[in-house]
Structure formats: structure tokens, C-alpha cells
Amino acid sequence: RKLDQVLNITPDDVDTLALKAGIAQAEGDLPRASALLTPLHPAADDSVALETQVYQAILERRTAPVIPRLNEILAQPDPALGYYNGELRFWLGWAQEVAGDHAAAQESWRRARSELEPFLKEQPENYGLIGDLALTNMGLGDKAAAFKLIERAMVAVPIEKDALDGPIPTEILARVAARMGEPDRAITALQKLLSIPYEGAVASNVPLTAALLRLDPMFDPLRNDPRFQKLAASPAPKE
């Protein structure tokens with residue numbers, strides 16, 4: 001409702017619309033999310049809206065339409081956006097992978113890693129950046145590097161000190177563990193995440209929900225695990 005109030009004041013606010021779409025995604029309502037996102041034409045610096053559009057395509061498993069837009073933006077990256085260019089290139093790789101172009105995805109992730117790593121020297125405790133690098137290394141199959149980065153992120157933003165952002169590295173852990181053949185670690189992390197309110201790790205920063213577990217291709221390796229099936233079938237937590 002608060003979002004609706006904001007939209008009444010600024011009906012074209014891209015970030016607010018993207019957040020509404022993110023909530024629809026988290027509820028598993030992809031048609032509603034699509035209706036909110038399709039009219040938007042976010043610029044490169046509208047990171048939330050742009051990534052929410054890409055995530056929508058990933059959840060729908062129809063990423064071919066968003067890949068040219070990402071390529072267009074990344075062909076002339078804006079230095080003012082800092083490490084976000086590398087983050088966006090991670091998303092490009094994910095979109096390419098979902099589209100079945102694994103060679104292009106690997107190339108994007110290699111470039112993303114080389115773009116992100118220099119920023120880590122300047123921002124050693126930036127857990128968003130560390131998370132991007134962990135996911136990028138996951139895409140490249142570098143399990144050891146990915147888990148090492150997750151540990152670093154957990155130190156940078158401990159749950160005990162930050163209840164909202166502290167669980168973000170746990171979501172990264174769940175994603176990496178799911179992809180890298182560590183189902184027990186993934187399930188443990190997901191069980192924790194689905195029981196608490198927190199700021200999510202990707203796109204519009206909505207937390208993981210049972211609906212997103214059902215839709216997000218990053219969790220495909222867990223689909224046959226009865227523990228995962230139980231989590232993905234669970235209703236939304238009570239406020």
C-alpha cells in the first residue's frame with residue numbers, strides 16, 4: 001500500500017515500479033510483474049529496474065530479448081557506475097546461460113570477474129561487490145573462490161549486527177551451494193532464509209520466497225531433493 005501511495009505521488013517512478021514488480025515476482029505472479037516491467041525503459045544507472053527486468057526474463061526462462069539491451073549498455077560502460085558494470089555483466093552471463101549460450105556466458109563471467117576484482121581492493125568490505133564476485137566465480141565453476149568470498153561477505157556484514165542486510169551472504173551461499181553440488185549447505189541456508197525477513201541479494205532486493213524457489217533456475221539442481229520440494233511448497237511466512 002505504501003508503494004501505491006508513492007506511485008500516486010510519482011506514478012512514473014521507475015524504482016518504485018520495479019520494486020512492485022519484484023514483490024509480484026516474489027509472490028510468483030510473473031504476469032503482473034511483466035505488466036509492470038514491460039513499459040519501463042530503464043537507463044544503465046537505473047540498476048534496480050534494469051536488473052529486475054533481466055530477472056523477470058530469467059524467471060520466465062525467456063532471456064533472448066534482454067541480452068541485446070545488456071550488450072548495448074555494456075558496449076559503452078559508464079565509468080561513473082563503478083563496479084555496477086561488472087555486476088551487470090554477471091547478469092548478462094546469467095541471461096546467456098539461461099538462453100543456452102554457455103560459451104557466451106563463460107566469456108561474460110570472465111570479463112565480469114576481471115571488472116569486479118579491481119574494485120575489491122578499493123572496497124574490501126563491500127558485501128554487495130563480494131556477493132557479485134562470489135556468484136561470478138560460481139558461474140565460472142570456481143567453487144573454492146566462491147565459498148571463500150561468501151565467508152568474507154559474512155564477516156563484512158554479520159547477521160548479528162545487521163538483521164536486514166546480514167542474511168544477504170546467506171542467500172549467496174544458498175545459490176552457490178545449490179549450483180556447486182552442496183545441497184545440504186544450500187538447504188540449511190534456505191531453511192534459515194525462508195524463516196526471516198531480510199533484504200534480498202538480487203535485482204529488486206526482495207527476499208527469497210517459496211515462489212522464487214520454484215521459479216529461479218539457479219535452484220534447478222535441487223529440484224529433486226524432497227527437502228527443497230518442501231521448502232518450495234511452503235506458504236509465505238506470516239508478517
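Quick notes
- Long-range neighbours under 7 Å by Cβ, at least six apart or interchain, first residue under 11 Å from Ala174 (Cβ atoms) within segment 201-222, second of a type in the set (Lys, Arg) and not in a loop (DSSP other than H, G, I, E, B): Met218/Arg175; Met218/Arg179
- Filter result for the condition that a residue is surrounded by fewer than 19 Cβ atoms within 10 Å (Cβ to Cβ), without any contact (Cβ under 8 Å) to a residue 40 or more places away in the chain and not acidic (Asp, Glu), over Ala146, Ala163: Ala163
- Within segment 15-40, the residues that satisfy the criterion of being among the small types (Gly, Ala, Ser) and assigned to a helix (DSSP H, G or I) are Ala18, Ala21, Gly22, Ala24, Ala26, Ala33, Ser34, Ala35.
- In segment 37-55, the residues that are under 17 Å from the mean Cα position of the chain (by Cα), of a type in the set (S, T, N, Q) and under 15 Å from Ala24 (Cβ atoms): Thr52, Gln53
- Check on Glu117, part of a helix (DSSP H, G or I) and surrounded by fewer than 22 Cβ atoms within 10 Å (Cβ to Cβ): yes
- Scope segment 22-40; condition surrounded by 15 or more Cβ atoms within 10 Å (Cβ to Cβ) and either more than 17 Å from Ser234 (Cα to Cα) or hydrophobic (A, V, I, L, M, F, W, C) (or both); matching residues: Gly22, Ile23, Ala24, Ala26, Leu30, Arg32, Ala33, Ser34, Leu36, Leu37, Leu40
- Any hit, segment 186-205, residues being modelled with pLDDT under 95, surrounded by 24 or more Cβ atoms within 10 Å (Cβ to Cβ) and out of contact with any Lys or Arg (no Cβ under 9 Å at 6 or more places or on another chain): yes
- Meeting the requirement of 2 or more residues that are buried (at least 24 other Cβ atoms within 10 Å of the Cβ) and either of a type in the set (Ser, Thr, Tyr) or modelled with pLDDT of 95 or more (or both), the helices (runs of 4 or more DSSP H) wholly within segment 41-107 are 47-60, 84-98.
- Elements of type helices (runs of 4 or more DSSP H) in segment 130-239, at least 3 residues being among the aliphatic types (A, V, I, L, M) and closer than 23 Å to Ser114 by Cβ: 143-156
- Candidates in segment 163-173 are the residues that are of a type in the set (A, V, I, L, M) and closer than 9 Å to Ala201 by Cβ; of these, the one that is farthest from the chain's Cα centre (by Cα) is Ile168.
- Restricting segment 56-104 to residues that are hydroxyl-bearing (Ser, Thr, Tyr) and out of contact with any Leu (no Cβ under 7 Å at 6 or more places or on another chain), the residue that is farthest from Asp220 (Cα to Cα): Tyr84
The values are calculated or read from the model by the stated rules, or taken from the named source; none is laboratory data. In this text the structure is predicted, and so the values were computed from the model without any measurement. All Cβ positions, glycine included, derive from the backbone under ideal geometry; neighbour counts span all protein chains shown.
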